[in-house]
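The values are calculated or read from the model by the stated rules, or taken from the named source; none is laboratory data. Values in this document were obtained by computation on a predicted structure and should not be read as measured data. Positions of Cβ are generated from backbone atoms using ideal geometry, with glycine treated the same way; all protein chains shown enter the neighbour counts. Ligands, DNA and RNA are excluded from the accessible area calculation, which covers all protein heavy atoms including side chains. Shrake-Rupley method; radii C 1.70, N 1.55, O 1.52, S 1.80 Å.
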Amino acid sequence: MIGVFDSGIGGLTILKSIRAQMPEYDYLYLGDNARAPYGSRSFEVVYEYTLQSVNYLFSHGCSLVILACNTASAKALRTIQQNDLPKIWNESRLERVLGIIRPTAEVISNYTHTNHIGVMATRGTVDSASYPLEIHKQSPHIVVTQQACPMWVPLVENNEHRGDGADYFVKKYIDQMLLKDNDIDTLLLACTHYPLLLEKIRKYLPQHISILTQGDIVATSLKNYLYRHSDLSQSLSKGSTCTYLTTESPEKFSQLASIFLENPIEAKHISL
Ligand code: DGL
């Protein structure tokens, strides 16, 4: 199985694209909704929570785990890959954990003409500087301006993202971003929850700025990865199923997820 992890329901925006491109695999989605948002938590806490979830997914049949969360990718991925994965490996050593920042940073220069990019993300992702660092490795000429949006994830997790109250905070962070750099022509939503606010973001963003979300980028990159690692892809079960797990109320998760996925789903509760 392929495990897909996020602090909450944001990772569904990645899962949806992955399943659209690779429907044949079995998927296990885990949202740690009880402890979301991760965005304002320390490095140590994000690492600890992410590792617990990764361990859970590996011990429940996954041999590949995608951190469909920028905050976890920024704060926990490297340590897990370098220190923890070798302890998880069984004899075949096929198990892998992949993040979503590098695949996004690798292609972002294809989308901008002004070479000015805006990155909207959680406080944790912004402070880690992962995006400017990764983007500059590939494209040092690109000007990257970041904006932390600490209220956006709570709006989504509390199902308030379509309500009138969301407008204030959507406009506020967009205005702050544009004050810092008015030459931006591409806005990256570098938190997997943010595509759920897309309608409102579009409403307050000047028309000439395009919005970039990560789902299709991550799905394409994963497809290529699995093509290159055929031993891993052959070890993954292919029954086209998807199971949803949450550390919070399964009813609340199922309701939100069913609307977003446009398909009724039934989540199960787990404790980490
Ligand atoms: N969806 C996560 C991300 O991509 C973070 C949300 C949170 O703050 O928990 O960064």
Margin query: Taking all protein chains in place and a 1.4 Å probe, what share, in percent, of the accessible surface of region 231-272 do carbon and sulfur account for?
Written below: 48
Notebook entry, point to check: Dividing the convex hull volume of the Cα atoms of the chain by its residue count, what figure in Å³ per residue is obtained?
Noted result: 118
Notebook entry, point to check: With every protein chain present, what is the per residue accessible area of region 1-117 (1.4 Å probe, Å²)?
Noted result: 38
Next item on the list: Considering Cα pairs under 8 angstrom that are at least six residues apart, work out the relative contact order of the chain and quote it in whole percent.
Entry: 27
Notebook entry, point to check: Using 0.36 nm per residue, how much length does the chain from Ser240 to Arg162 gain when fully extended, once their Cα-Cα distance is taken away?
Noted result: 25.0 nm
Item checked: Net length gained if the chain between Arg228 and Gln255 were fully extended (0.36 nm per residue, minus Cα distance) -> 6.0 nm
Notebook entry, point to check: What is the P(r) of region 209-272, as percent of Cα-Cα pairs per 5 Å bin from 0?
Noted result: 4, 14, 13, 16, 17, 19, 13, 3, 0
Next item on the list: Quick one: give the max-minus-min coordinate of the C-alpha atoms of region 124-241 along each principal axis, largest first, in Å.
Entry: 48, 38, 27
Next item on the list: Using the Kirkwood radius over Cα pairs, work out the Stokes-Einstein diffusion coefficient for region 9-152 at 25 °C and 0.890 mPa s, in µm²/s as a whole number.
Entry: 151
Item checked: Helix-only [θ]222 nm of the chain, DSSP H runs n ≥ 4, -39500 (n - 2.57) each, per residue, nearest 500 -> -12500 deg cm²/dmol
Next item on the list: Skip the ligands, DNA and RNA, and give the accessible area per residue of region 151-219 with a 1.4 Å probe, whole Å².
Entry: 45
Notebook entry, point to check: Too long at a 19 Å Cα-Cα cut-off: which of Lys75/Lys171; Lys200/Lys268; Lys171/Lys203?
Noted result: Lys75/Lys171; Lys200/Lys268
Next item on the list: Measure off, as a whole percent, the carbon and sulfur share of the 1.4 Å-probe accessible area of region 33-142, all protein chains present.
Entry: 48
Margin query: Can you compute the modelled spin-label distance between Leu94 and Leu198, with each label point 7 Å from Cα toward Cβ, in nm?
Written below: 3.3
Item checked: Where a label projected 7 Å from the Cα of His208 along Cα→Cβ would reach, residues of region 148-192 with amide N under 20 Å -> 174-188
